């Protein structure tokens, strides 16, 4: 069962929930556990400092992806990405979001055309960054969609059990919590805590 597939569609979510809600007692117990764990999901101390770009070197499978935004001959999507990062550094969120949205559109087309790992990773990097700006602007639904896609991509590459995924899962849980998606947030957060115990 994939932790990062919770938000793909309502059917998947309903199927997952029905698995845990076999009877009223199980349902009540689960919510009691969630209420107990809820306080253990800390809100970011300084969200601006949680830029997901900090994970890219670990998550990337190529040097070019690891250096995304600093390559000698940037693609069109990367050019928009670089410009957006400059705007983000200045906390000009609306302009940064506009440029990242454009970068996502271009990267999606590039990924469809090239159908290679590098293009897929580049798209995931931009999706994370675009989702992050949505998060900063408290546009949680859009942020969750973009983070979910990126988490699925990197989770598919490394496997959800990889230590490389832990930091991204922590941020993902915090975002889901901020978005009011408590069940999903607690599932992801519980997974992170269980990994830390091993």
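Throughout, read-outs are computed from the coordinates displayed, never taken from laboratory work. Only a predicted model underlies this, so the values are computations on that prediction, with no experimental measurement involved. Here the Cβ is made from the backbone with ideal geometry for all residues, glycine too, and neighbour counts use every protein chain on show.
Some points to look at:
- Exposure proxy shown here: for 137, 165, 85, the number of other Cβ atoms within 10 Å sets the order, fewest to most, as 137, 85, 165.
- Fewest neighbouring Cβ atoms within 10 Å first, the residues 191, 68, 172 line up as 191, 68, 172.
- Relative contact order (percent, whole number), region 45-197, Cα cutoff 8 Å, 6+ residue spacing: 19 percent
- Residues 177, 171, 58 in ascending order of nearby Cβ atoms (within 10 Å, fewest first): 58, 177, 171.
- Normalising the Debye intensity of region 111-198 to I(0), with uniform scatterers on Cα atoms only, and taking log10 at q = 0.13, 0.17, 0.20, 0.24 Å⁻¹ returns -0.43, -0.70, -0.92, -1.18.
- Cα shape, region 45-197, gyration tensor, a/c 1.5 rule: oblate
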